[in-house]
Amino acid sequence: MSFSLLHPFFLLGALGVAVPIYLHLKRREPHNLIRFSAVRFLDDNPHPRKSPWRLRDILLFLVRLCSLLALIAAFAWPYLREEGSFVVKESRVYILDNTLSRQAEGGFVRDREQLTSLIRGAGRELQIAVIELKTQPSVIAGFSENHEAAEQKTKNLQPSYQRGSFLPAFRLANTLLQNSLGEKKRIILLTDNQENQWSENLNVPPFLKDVEVEIPKTPHRNLPNLSVAEAKAQRIFLGEKALVNFTAEITHQGKIAEATVILRINDQEVMNKKVSLADKPERFVFQTQWEASPSLALSGVVEISGEDDSMAADNSVYFSLPPVQEGKVAVLCQSQFLRLALSPEIMRGHWDTHFIEPSKIAAELETANDAEVLCIESSYLQSADARKLLWRYITNGRGVFLMMNRVTAVTKGFVKELGFECLPEDSSKAGSANLQYLFANHPVFHPFTSPDYGNIMEVKVTDPIRLRSTQAVSLLFSDKGEPLFFQNVKQPGKLFVSAFAFERNQTSWPVHPTFIPFLDLCLQNARPSDPMPTSFEPGEVFIQNLGTNSLVREVVLKTPTGMRSSAVLHGKLQLLIPEKPGLYSLTYRGVSDIERIIAVNASPKESQLRFTVKPDALQAWQMISTSSGAKQTAGLDATPPNISSIWQQKIWWFLLVAALCGLALEGFWVHGRRKTA
Amino acid sequence: MENTAPPTRFDPKVLACLEGLDFKARYVMEGFLSGLHESPFHGYSVEFSDYRNYQPGDDLRHLDWKLYGRTDRLCIKRYMQETNVRFYLVCDTSASMAYKGSRGWESKFGCARILSAALSWFLLKQNDAVGLIAMDAASGLPRLVRPSQRSTQTGLLLREMEQIAPGGNPSLAALLGHALRLVHRRSVILLFSDLLEPSAEIEQYLKQLRFHGHECIVFQTLDPDESEFPFADSHVFEDLETGSRHQVLPGSARDKYLQRFNAFMEDYRQLFQRLEIPHCTVFNHQDPWPALALFLSERRKLQ
């Protein structure tokens, strides 16, 4: 048992104890005091005590004694150490990077072993906490746990496929260190210093104060890696043929000359071919297609392999494609090409077309049976009913495909409400122009990056309506730079606007092979979106709002290890996606079960095995401190807890209150006795 | 109380039961008067009071010859005594007057106050003018009630006496100084004090009072603890006036104390003798009637 007698808190406490004692003694009157009138005839006659102090009132003495003991104990409590206690010299937080990139060359396993040996060899004066860095960083072992437990928990960690950012892990570590006892506070990062992990949070204000950060040395700037990601499968209808267009992004770093790509669909290998990487850019799109029945649900995996690959965990990507569900489209157009393209003869099985007669728009308004998508030409917007109909589709979250064939004052005004502005004609840009630029990553145009479906650049457009919008995204441009096709993202429903109508005098597209696929893709994307995506990242928490009227009661996720059920509460679903990439079955249980296949794939960022030596972010996060926060008062061999930890000790307060009550009781007692005397 | 029979002896317990200075004063005075064989109220004046039978030795000047002629009885005429003397009750209010030992029925100040109240009641009944001079312990200024014969004077004096309380530093010398300054016409000064102040300073003021023709009567109120010093154990003695403390082992200090105390009081006795000032010691554990008897005898001398 030892006391830190020189610590300011203790001295302050001693002063606090001394003041009431001093006042008490000062106010105390000798029990044999006589107030006398003729003291002038007396001499001061002190005499030695012949007998020791006599306790006249044992109870009063005990109360005083207990009060003083309680006061001393209260102030000394935070510094009181039992036998076997020890001084914490350093508090250390290990951040163990368990993202996918650490699987390269067995980095995670190596770090884990290193960490367990460090914990095993650490003395009692070292406080250790372990944080696992994943999508959501978590404390594996806190400061309150002993080293054996921390070591065991660290040993049990398994490599993950998740993507994680350093910032939340550092924030969590900083929070742990703020409440630690160590004289020195340190964060040790066990990571590969992946470049994109550090560069994510550069613009964060400093928050690390008086904390030392130690990062490992990066042995190399990058590693050879082969990976595949961004798998996309789309159905394309070319005449009678129903195709599946598949694309995946293959990335190769380092000296990898050749890769083998294997495609498996519904557990059947449909492709196995070698791809030469020598003449390919570092990242390229691998594309293929095959015929598949529209009613067939597809799920598959693309695997890639090559020599000298540092990380095998990112060599496969999973995808799923639900069967085609026939949509309903309402058409209010004059274009014969469009009407023909959407006729049941061509779109049977895909689209159920409902042609609205111009004279019956009002009647259409009265019916509540809206289609999923409305195709409308701008000339019909002269009619107030047509405008109402379009507005109803938009506000109800349905899709609209608006083709601008004619502009009037009324049309201009209405289009302005939709977020578009009609510009006056420009003679320099008059005449016909070819399509030149397109948004290749957009699902409508993504298949056309492949020449298998025809060259969309051959399409000509003549004198399109000049449109401008601040709310819409331009997806297609002419070779004169005029935007021709927009998607408005500000409305509840999806709105596609083309600056031309599908008439021969305005465009050659209706006679081009890409027309039907384009129209189908355009309508498919204009449909109210499916709230359930099919692709996720490992370990992410997916929150889906099904609406309070949803009949779905629970969602069951089938994993190789078993079933995991998530209840739908107040129309909201919260689902924890499995940590391992793969294909999983998801069943929505309600009145009738709906089954979906979801694909879980690692983040492609984790495949970028480029590392940094001196991360700038770390310097930005650290606060410049004028004095070391870890400094302690001179002469102290102990590390006393900070003031907040003293306040948090209930026993301290109890002792203090007991002492004060004791003193108050003693005061009243003495006062009562004096009064009686 | 007025209808009750006068007490035949002084009882401190009865006195303690009485509330108000008025009752206490009358208790003391009436008890005293009832024990006298001769009423102190009768004297030789112009106002007839009553008759009594002639006793051999009575002055023949006071025989009522007319009554003898009518009734053939020899009777002496008695008159209400009228002195028309101005009395000043001078009360010492120094803190030492607050002392009350274990045996006293009242503190020294309380005893002096009752005594002075009783005397004032008596004197006013005699149509004498009575006033009061005392020091206000809080402010250190004198409190003065001008002498008057009016019937309301009793109440005024009693109220004033009830308001004053002992406290503060020694103030007897200052009190006498104020009395010297405030009393102009020849008066009788009735001084109530424990006289626990050096006699040298007091002597000067008493001499001046006598020089100005004032008669003085000193009622020294003491506690038996002061005159006997009965303390046995070791005690810390704190001075009531100065607050100074002395740790004393009484066994060895008692003799010295009594020696000093007696010498101190002897100085005062000699002083009073020299100045021809009647002096009476009143102990607060005894009855105050001897003091009243002294006063009556001295008053007769004033006649």
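The values are calculated or read from the model by the stated rules, or taken from the named source; none is laboratory data. These numbers come from a predicted model, not from an experiment. Don't worry about glycine lacking a Cβ; one is built from the backbone with ideal geometry, like all the others, and counts go over all protein chains shown. Heads up: the accessible areas ignore ligands, DNA and RNA and are worked out on the full protein's heavy atoms, side chains in. Shrake-Rupley method; radii C 1.70, N 1.55, O 1.52, S 1.80 Å.
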* To do: Looking for whichever is in contact with a Leu (Cβ under 8 Å, 6 or more places away or on another chain), charged (D, E, K, R) and without any contact (Cβ under 8 Å) to a residue 24 or more places away in the chain here; the options are B:E238, B:E203. Which one fits?
  => B:E238
* Asked: Inside the stretch A:447-461, can you point out the residues that are out of contact with any Leu (no Cβ under 8 Å at 6 or more places or on another chain) and at pLDDT below 85?
  -> A:T449, A:S450, A:P451, A:D452, A:G454
* Structure fact -> A:L365 vs (1) in contact with a helix residue (DSSP H, G or I) (Cβ under 6 Å, 6 or more places away or on another chain); (2) open to solvent by less than 30 Å² (accessible area, probe 1.4 Å): all pass except (2)
* To do: Go through A:P528, A:P578, A:P517 for me and flag whichever is at pLDDT below 85 and either of a type in the set (G, A, S) or not assigned by TED's automatic domain parsing to the domain that holds A:I346 (or both).
  => A:P528
* Structure fact -> Picked from the stretch A:168-190 (must be more than 17 Å from A:Q622 (Cβ to Cβ) and in contact with a Pro (Cβ under 9 Å, 6 or more places away or on another chain)), the residue modelled with the lowest pLDDT is A:L181
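Looking only at the stretch B:107-141, count how many residues are within 14 Å of chain A (Cβ to nearest Cβ) and either part of a loop (DSSP other than H, G, I, E, B) or out of contact with any strand residue (DSSP E or B) (no Cβ under 7 Å at 6 or more places or on another chain) (or both). Break it down into steps so the answer makes sense when it comes.
Just the residues of the stretch B:107-141 that are within 14 Å of chain A (Cβ to nearest Cβ), to begin with: B:107-112.
Now drop any that are not either part of a loop (DSSP other than H, G, I, E, B) or out of contact with any strand residue (DSSP E or B) (no Cβ under 7 Å at 6 or more places or on another chain) (or both), which leaves B:107, B:109-110.
Residues that pass the stated criteria total 3.
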* Restricting attention to the stretch B:179-200, which residues are crowded, with 23+ Cβ neighbours inside 10 Å and either of a type in the set (F, W, Y) or without any contact (Cβ under 8 Å) to a residue 60 or more places away in the chain (or both)? -> B:F192
* Check every one of the strands (runs of 3 or more DSSP E) wholly within the stretch A:447-489 and list those with 1 or more residues that are closer than 30 Å to A:Q289 by Cβ. => A:460-462, A:472-478, A:483-488
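Among B:E276, B:E228, which is assigned by TED's automatic domain parsing to the domain that holds B:L209 and over 23 Å from B:G213 (Cβ atoms)?
From the options B:E276, B:E228, the qualifying one is B:E228.
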* Structure fact -> Just one listed residue, out of A:P281, A:P216, is within 30 Å of A:A617 (Cβ to Cβ) and touching a Leu at 6+ places or on another chain (Cβ under 7 Å), and it is A:P216
* Asked: Of all residues in the stretch A:310-326, which are in a loop (DSSP other than H, G, I, E, B) and within 29 Å of the chain's Cα centre (by Cα)?
  -> A:S310, A:M311, A:A312, A:A313, A:D314, A:N315, A:P322
* May I ask you to say which residue of A:K89, A:K26 is at pLDDT 75 or above and not polar (S, T, N, Q)? => A:K89
